[in-house]
Amino acid sequence: MNDLSKLFSTFNEKIVLTDTYKENIRRGRDTLREKINTYYIDKGLIAPKHSSQGSFHMHTAIMPKEEEDFDLDNGVYLQGYATDQTNWPVPTSVHKDILSAVEDHTKEITDKDTCVRVNYQGNYHIDLPIYIMGKDELGKDVAYLAHTTKDWQISDPKAFSDWFTEEVKENGKELRRTVRYLKTWTHHNSINLKGITITILASECFYSEENDSLILLGTITNIIDRLEDDFTCCKPVRPKKEDLLSSYTYSEQQTLLEDLKILKNKINDAIYDSKNEREASEVLIELFGSRFPLGNSENKNSEDYLKTNQPESVGGKNRHYA
């Protein structure tokens, strides 16, 4: 068995957002917040509240490469409206307000169905989804998103962030790293799997072990078993009935499962079958790209893992790795 702990630790350091990059993003975000607040105050309205959300807020974002774009979500929560939707403005109207507030901030600003997007030259963009707090059918407080084609839609990103924070408390920071590894794999290999789906599947299928390579292998195994039994991924917060995998055709389902099995088997080969750390790292570089470090050929496989006809015990059930 190859001990790949140091390699994965270095890999995580290379894919996590740098302090400089985070500061640039925060500076752009804060400037937009000031522009939006000033616009509303000048109109005699209450300034919105703001909340960072998504991978940046949950610390699962990965550092983009030069050809990639980073996405930061800044939720704009409009104030001064009753929970009764009768007097709420139409979504297209609030989108126009936000567009006016950030006009000419950068050269490229686009109005999308779910947000206003501000593109920056430093290979990142900031999305500005717009919300009003209301009541659901049970009378509970919930955020509604201004969707230009679907009206006001229940969407609760803060609840999702809170849910993930609890998952991290239960499973440890290893969960965040596991999400980053899987995101890097999907980016490097153009795998059809969104970040939010990865986050949910990794959390619900998390496999606790002593080091990141074994955690990743066990978690992927659990995800495959889960999707083979039931190819769905529903949000753990409202709207809970929203299946993030519902749009996949049967062919796309099979392609994703095959991609996951290839990932699992190659990680298994790196851990157990590669002769040394360098050979193992070459397998992992193929999976994750050049940011995965090259290992040392002097660090030999300890060979304390012997292949047998008996299955490994992974994730509480007996499963073959290959």
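The values are calculated or read from the model by the stated rules, or taken from the named source; none is laboratory data. Quick caveat: nothing in here was measured; it's all calculated off a predicted structure. Cβ placement follows ideal geometry from the backbone for every residue including glycine, while neighbour counts extend to all protein chains displayed.
Those strands (runs of 3 or more DSSP E) of the range 64-158 in which at least 2 residues are among the hydrophobic types (A, V, I, L, M, F, W, C), considering only elements entirely within it, cover 70-77, 116-120, 124-128, 130-135, 141-147, 151-154. Quick one: is ASP104 among the acidic types (Asp, Glu), under 24 Å from LYS158 (Cα atoms) and either touching a helix residue (DSSP H, G or I) at 6+ places or on another chain (Cβ under 8 Å) or in the same structural domain as LYS35 (by TED's automatic domain parsing) (or both)? No: the conditions fail for ASP104. Filtered by the rule that a residue be out of contact with any Ser or Thr (no Cβ under 7 Å at 6 or more places or on another chain) and more than 23 Å from GLU67 (Cα to Cα), the range 283-304 gives ASN296, SER297, GLU298, ASN299, LYS300, SER302, GLU303, ASP304. For the range 7-21, filtered to residues that are without any contact (Cβ under 8 Å) to a residue 60 or more places away in the chain and under 30 Å from ASN268 (Cβ atoms), the residue that is surrounded by the most Cβ atoms within 10 Å (Cβ to Cβ) is LEU17.
Of the helices (runs of 4 or more DSSP H) lying entirely inside the range 3-62, those containing at least 2 residues that are closer than 20 Å to VAL116 by Cα span 19-42, 55-58.
Please work out if ILE262 is at pLDDT 95 or above, among the β-branched types (Val, Ile, Thr) and surrounded by 19 or more Cβ atoms within 10 Å (Cβ to Cβ). Reasoning before the result, please.
Details: at pLDDT 95 or above: yes; among the β-branched types (Val, Ile, Thr): yes; surrounded by 19 or more Cβ atoms within 10 Å (Cβ to Cβ): no.
Taking the combined requirement at face value, the residue does not satisfy it.
Out of all the residues in the range 117-138, is one or more among the charged types (D, E, K, R), touching a residue at least 12 places away in the same chain (Cβ under 8 Å) and over 20 Å from LYS235 (Cβ atoms)? So far as the range 117-138 goes, no, none of its residues is among the charged types (D, E, K, R), touching a residue at least 12 places away in the same chain (Cβ under 8 Å) and over 20 Å from LYS235 (Cβ atoms).
Condition first: among the hydroxyl-bearing types (Ser, Thr, Tyr), more than 16 Å from ASP151 (Cβ to Cβ) and surrounded by 12 or more Cβ atoms within 10 Å (Cβ to Cβ). Can you find one or more residues in the range 66-78 that meet it? Among the residues of the range 66-78, at least one is among the hydroxyl-bearing types (Ser, Thr, Tyr), more than 16 Å from ASP151 (Cβ to Cβ) and surrounded by 12 or more Cβ atoms within 10 Å (Cβ to Cβ), which makes the answer yes. Of the candidates LYS173, LYS235, LYS240, the single residue that is more than 27 Å from GLU286 (Cβ to Cβ), basic (Lys, Arg) and surrounded by fewer than 15 Cβ atoms within 10 Å (Cβ to Cβ) is LYS240. Quick one: in the range 274-314, which of the residues that are at pLDDT below 95 and charged (D, E, K, R) is surrounded by the most Cβ atoms within 10 Å (Cβ to Cβ)? Of everything passing the filter in the range 274-314, GLU277 is surrounded by the most Cβ atoms within 10 Å (Cβ to Cβ).
Residue-by-condition table, conditions (1) surrounded by fewer than 18 Cβ atoms within 10 Å (Cβ to Cβ); (2) closer than 24 Å to ASP97 by Cβ; (3) among the hydrophobic types (A, V, I, L, M, F, W, C):
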| residue | (1), (2), (3) |
| --- | --- |
| SER5 | yes, no, no |
| GLU23 | yes, no, no |
| ARG26 | yes, yes, no |
| THR31 | yes, yes, no |
| THR38 | yes, yes, no |
| ILE41 | yes, yes, yes |
| ALA47 | yes, yes, yes |
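Screening GLN85, GLN121, GLN53 for residues that are in contact with a Pro (Cβ under 6 Å, 6 or more places away or on another chain) and either at pLDDT below 95 or over 30 Å from HIS187 (Cβ atoms) (or both) leaves exactly one candidate, GLN53. Within the set PHE206, PHE160, the sole residue that is out of contact with any strand residue (DSSP E or B) (no Cβ under 7 Å at 6 or more places or on another chain) and in contact (Cβ under 8 Å) with a residue 60 or more places away in the chain turns out to be PHE160.
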